[in-house]
1. On the basis of being among the basic types (Lys, Arg), touching an Asp or Glu at 6+ places or on another chain (Cβ under 8 Å) and either under 22 Å from A:Pro129 (Cβ atoms) or assigned to a loop (DSSP other than H, G, I, E, B) (or both), does B:Arg147 make the cut?
2. Report, ordered by the first and then the second residue, all pairs with beta carbons closer than 9 Å, sequence separation of six or more or different chains, a first member in the stretch A:270-297 that is on the phi > 0 side of the Ramachandran plot, and a second member that is in a loop (DSSP other than H, G, I, E, B) and open to solvent by 10 Å² or more (accessible area, probe 1.4 Å).
3. Only one of A:Thr145, A:Thr111 is more than 14 Å from chain B (Cβ to nearest Cβ) and open to solvent by 40 Å² or more (accessible area, probe 1.4 Å). Can you tell me which?
4. Can you tell me which residue is nearest to the other protein chains (Cβ to nearest Cβ) among those in the stretch A:89-108 that are open to solvent by less than 20 Å² (accessible area, probe 1.4 Å) and within 12 Å of A:Ile69 (Cβ to Cβ)?
5. Would you say A:Leu155 is open to solvent by 10 Å² or more (accessible area, probe 1.4 Å) and in a loop (DSSP other than H, G, I, E, B)?
6. Part of a helix (DSSP H, G or I), open to solvent by 30 Å² or more (accessible area, probe 1.4 Å) and touching a helix residue (DSSP H, G or I) at 6+ places or on another chain (Cβ under 6 Å) - does that describe any residue in the stretch A:247-257?
7. Give the residues of the stretch A:205-234 that are closer than 20 Å to A:Arg286 by Cβ and modelled with pLDDT of 95 or more, sorted by residue number.
There are 2 protein chains.
Amino acid sequence: MSFLLGVPAAILKVVGVALFALATASTAMYAQTATKSLAERLGYARDAKLVIVHADDLGMTHSVNAASIQGLESGLVTSASIMVPCPWFPEMAEYAKGHPDADLGLHLTLTSERVFYRWGPAAPRDKIPSLVDSNGYFHLNWTDTTRIDRNEVELELRAQIERALGMGVRPTHLDSHQYRLFENGKEIFQSALRVAHEYKLPLFVVRDWFADRPYLEASLGPDDLVVDHTVTIEPGVPPEKWADFYSRALKNLQPGVTVFIIHLAFDDEEMRAATRERATWGAAWRQRDFDFFTSAEFRALVREQNIKLVHWRDLAHAAR
Amino acid sequence: MSFLLGVPAAILKVVGVALFALATASTAMYAQTATKSLAERLGYARDAKLVIVHADDLGMTHSVNAASIQGLESGLVTSASIMVPCPWFPEMAEYAKGHPDADLGLHLTLTSERVFYRWGPAAPRDKIPSLVDSNGYFHLNWTDTTRIDRNEVELELRAQIERALGMGVRPTHLDSHQYRLFENGKEIFQSALRVAHEYKLPLFVVRDWFADRPYLEASLGPDDLVVDHTVTIEPGVPPEKWADFYSRALKNLQPGVTVFIIHLAFDDEEMRAATRERATWGAAWRQRDFDFFTSAEFRALVREQNIKLVHWRDLAHAAR
């Protein structure tokens, strides 16, 4: 998987890797023959095409918050997750308290990613030395030489969840910023899973990841939710092909639950400044995501392709 | 002094309190007859009118950073100070490293002030429990019932200075966000002074404050710098009178060193969102400060009134 991009490459190749997708879908269907599929547990036919349109990174900047709230309120973005350690988390906590029906999870965050605008942990930093740099911020990212202590990961994840609960957020699910909790080995994934179980929250895991990371499947219990597929855009897609990419992905959906992981923000001063060290997942990128997922074109595709938009809350209910 | 406004009321009444200002100036001149005045130590006549135009709160938001940098680069804003615990501190640290001649101090910060956008300490939060709330942020402000531990204050101040030094900032001076270090009694002021001495940095103190807070003068040693006067605008000034207020203050300057404490930002989306819970020191307020202090009117007043714009770096050199 691509470390640099922070996204498992295996899940990205929706365009042009149809054979792989079909193979994965077959495996998934085989594994589920004995039990009800997630779609069936949600009350749909086994071959229904269910989509969660999921906005990541809420709390990161005001621009992200404003665009994501607009996306959620359009009804076309169904779910989102919030970064508790980020400076604009209080704005999202306030929104969550005032909108208890909004389907908001926590985007568990262990890296600070950006260069000119940074954040640090929710736990006391002297308790989690492996997670912070010499200035007290989260590492920008983890490299092959970053030694992460799994106990510190658990401590920090609990601190983030406790702060969210303390500030009135009632999360519907958990996922992971920059995929750190999924891509860094069995121990760290199991730490995340342990914390998810403690708080009785579903942790975002995708069946399509199992082939590359067998420890994911091996760690899960029978009550853990597993999403079937995920789609996220990648840097190789030129800006003018943005809508094409998503449109093709929507027309080529496999049966089951597919999570579109998207990143919404406005291409404004704040967002350009916060992301200016590179174009990937930058301000213009996020504006393109916003433009597509709030567009009439997307709304029409959902209808034409007979796609059912669902929420993490629906999945959590189905799992109970 | 007004707690709510976070600004000592005694220093605010430049307009309409001429008698008070004259009385204070007389006291100051009396106290300095035996030694050279600060103006003289700077190489000017005793009756010279020296002004530091000082932008506060750098690091708070990108909008503050961008407006303050523009102000500094106009030459009309001479000095500024940076809030190390704030999310946009890394952007200012990068600027400071690339502009070693910029006159940048540290705006020591022990409160998080805002509701929807917040920050926490540079020190591990379990080491400074009296300074943080139950969610790990600095208190919004200190009230009569907030019990602050002076040892924790020192620990946090050192952590802020160490982070700044570690990230390449070479501060010219220290001051205090929301005046917390000056307005909260002898012990906390002496803690700030001790830290300033350790790092051999001048701490912003104004002679005009001594009457209301005798512990300030009593705590200072013979080598400590004391600025003569300060001017900052107050909520009572209607927006349309902004330029009038500053213009009158500049025309009525007393001899000696006067620090204009100003707050620059653009009235943009980020700043409006970050300050939306109240208008005081909000986005429009800061845009008005920016408009005046980068204006041709201000430039002309400086020339007409024979005002010398000086820097904290000049004061620090003079004190050595």
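The values are calculated or read from the model by the stated rules, or taken from the named source; none is laboratory data. Only a predicted model underlies this, so the values are computations on that prediction, with no experimental measurement involved. Note that we place each Cβ from the backbone using ideal geometry, even for glycine, and neighbour counts take in every protein chain shown. Surface areas here come from the heavy atoms of the whole protein model, side chains and all, with no ligands, DNA or RNA. Shrake-Rupley method; radii C 1.70, N 1.55, O 1.52, S 1.80 Å.
1. no
2. A:Trp281/A:Leu5; A:Trp281/A:Glu113; A:Trp281/A:Pro235; A:Trp281/A:His263
3. Values: A:Thr111 fails: open to solvent by 40 Å² or more (accessible area, probe 1.4 Å).
Within the list A:Thr145, A:Thr111, the selection yields A:Thr145.
4. If we filter the stretch A:89-108 for residues that are open to solvent by less than 20 Å² (accessible area, probe 1.4 Å), which is where we start, we get A:89-93, A:96, A:103-108.
Still in the running and within 12 Å of A:Ile69 (Cβ to Cβ): A:91-92, A:96, A:104.
Details: A:Glu91: 4, A:Met92: 9, A:Ala96: 12, A:Leu104: 16 Å.
Once the filter is applied, the top-ranked residue is A:Glu91.
5. no
6. Initially, the stretch A:247-257 is screened for residues part of a helix (DSSP H, G or I), giving A:247-251.
Applying the additional criterion that residues be open to solvent by 30 Å² or more (accessible area, probe 1.4 Å) yields A:248, A:251.
Within this subset, residues satisfying the condition of being touching a helix residue (DSSP H, G or I) at 6+ places or on another chain (Cβ under 6 Å) are none.
Checked the stretch A:247-257: no residue is part of a helix (DSSP H, G or I), open to solvent by 30 Å² or more (accessible area, probe 1.4 Å) and touching a helix residue (DSSP H, G or I) at 6+ places or on another chain (Cβ under 6 Å).
7. Across the stretch A:205-234, the qualifying residues are A:Thr230, A:Val231, A:Thr232, A:Ile233.
Conditions tested, residue by residue: (1) over 21 Å from A:His229 (Cβ atoms); (2) modelled with pLDDT of 95 or more; (3) buried (at least 22 other Cβ atoms within 10 Å of the Cβ).
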| residue | (1), (2), (3) |
| --- | --- |
| A:Met1 | no, no, no |
| A:Val15 | no, no, no |
| A:Thr35 | no, no, no |
| A:Tyr44 | no, yes, no |
| A:Ala55 | no, yes, yes |
| A:Ile69 | yes, yes, no |
| A:Glu73 | yes, yes, no |
| A:Pro87 | yes, yes, yes |
